[in-house]
Amino acid sequence: MTQRDNPPSPADPPTTSHRATAIVWMVLLVAGLAVGLWSLKHAEIKPEKSTHDAWMNGIAETAINQSLRLPGQSWIEMAGAAARYRLLGDLGEQVVLGCPQWMFYHDGLRVQPGTRSDVVKQRLQLLEHWHEQLQARNVQTLVVAVPDKARVEEEYLCGRTMTKTMQARYDELSRTLAERNIAFADLRPVLEAQPEDMYFRTDVHMNAAGSQRAAEAVATKALTLLGGKRGTQRFDISPPSAPEPRMGDLLVLSGLKDAPTGWRPDIESVSSQTITPVRSGGLLDDTPPVQVLLAGSSNGLRSNFAEWLGNDLGQEVWNLSMDGGQFSGAMVKALAQEARWPASLRLVIWEFSENTLSLPLTDDEKKALKQITAPVLASANTQGG
């Protein structure tokens, strides 16, 4: 007769081995609960990922899931990323490897899977809407699309290519803005014509030379909108410092920030400069009223782009650029402060990266688009009825 034929009675006391197993599982569950509660308490969830919409579409849950990390998980992920790079030349889902050791953002080469085919058209609709809103305040708009790194530094792609859809979007933007008579600074000829590199090797942004060239071109276009007269503000420009190591954002994005030398692309060494407005130091040293607002992406916060722009305009720029703003984050932020804009404001420079045209719409963009299209649909329904 087997044990199955003669199962233990419910009245039988548990064996020592059963008690030990139960205690081990109990300790593991309590430890897991403690780690989970600690992780939740220290979770850094961005405000835009804790909205009602974020909870309804799963973005908030995904952000929480990503914040729940086990001890040592970061090291394990780094080791996996380093081995994947060293053995396979693979940098993960968001970054692709060019040559030699050049890194590119994957979203600059192809449209994210699942993105609506009319997303660029929707963004151009938003752009025209906000331009008209600025016009109503007698404020001009200058649109600046920073070309993708893959477009300007194409020789370092080494066999990789932008899809035809992505290649066509810059022309679509330029053509639409011309048809709508909206001022546009096309940076392609400026950056593509330079013999030197215009972008960091391990970062998605323009380097110092690229930012200076781009700011000069934007300022030239902006001055035509401001009457052609450069301001009188002087700036103190320091000489370039000795090169220092600079961690590129694509190294961070690919999980290789803390990987040892040889197990990641080499870190770049770059010089830095400071550009500051010259003050007299007197009690009556009032700054001129602000005329130009920069609603930019992270490009407006890197490599002194905003500072070079102010120097070339001869006046300080009100910089509301923001990291992670994508296509319209800074513009939405600026418009939210519209009631506090100074009466002297004459021009909004709206800067974004080319690749953000093809990203899925943000919640703010969906909300704004709904506000634009709802009256049109209501009018159509009324006429149809």
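The values are calculated or read from the model by the stated rules, or taken from the named source; none is laboratory data. Since we're looking at a predicted model, the values are computed, not measured. Note that each Cβ is placed from the backbone with ideal geometry, even for glycine, and that neighbours are counted across all protein chains shown. Protein only, heavy atoms only, side chains kept; ligands, DNA and RNA dropped before computing areas. Shrake-Rupley method; radii C 1.70, N 1.55, O 1.52, S 1.80 Å.
General observations
- Ellipticity estimate at 222 nm from DSSP helix runs (n ≥ 4, -39,500 (n - 2.57)) divided over the chain, nearest 500: -13000 deg cm²/dmol
- For region 138-188, a crude dipole built from +1 on the beta carbon of Lys and Arg and -1 on the beta carbon of Asp and Glu, taken about the Cα centre, is about 120 debye to the nearest 20.
- Where GluC sites (Glu not before Pro) fall in DSSP loop in region 71-133, at most 12 other Cβ within 10 Å: Glu93
- Here the Gaussian network model covers the chain, with springs between Cα atoms less than 10 Å apart; of Leu37, Leu293, Leu225, Leu37 fluctuates the most.
- Over region 142-300, Cα pairs under 8 Å with separation of 6+ residues give a relative contact order of 21 percent.
- Placing pseudo-labels 7 Å out from each Cα toward the beta carbon at Thr224 and Asp171 gives an inter-label distance of 2.2 nm.
- Of all DSSP beta bridges in region 205-364, antiparallel share, percent nearest 5: 50
- Within the accessible surface of the chain, defined with a 1.4 Å probe on protein heavy atoms only, the carbon and sulfur portion equals 55 percent.
- Over the chain, relative contact order from alpha-carbon pairs under 8 Å, at least 6 apart, %: 19
- DSSP bridge analysis restricted to the chain gives an antiparallel fraction near 35%, rounded to the nearest 5.
- Largest mean-square fluctuation among Arg151, Arg201, Arg137, in a Gaussian network model of the chain whose springs join Cα atoms under 10 Å apart, belongs to Arg137.
- Mean separation of Cα contacts under 8 Å (6+ apart) over length of region 69-209, as relative contact order %: 26
- Only beta bridges with both residues in region 141-271 are counted; by DSSP, about 50 percent of them are antiparallel.
- Label-to-label distance for Ala31 and Ser344 is 6.3 nm, based on points extended 7 Å past Cα in the beta-carbon direction.
- What the chain shows is 57 Å² of accessible area per residue, with the surface traced by a 1.4 Å probe over protein heavy atoms.
- Of all lysines in the structure, those lying under 29 Å Cα to Cα from Lys366, and not within fewer than 8 positions of it along the same chain, are Lys46, Lys49, Lys121, Lys149, Lys164, Lys333.
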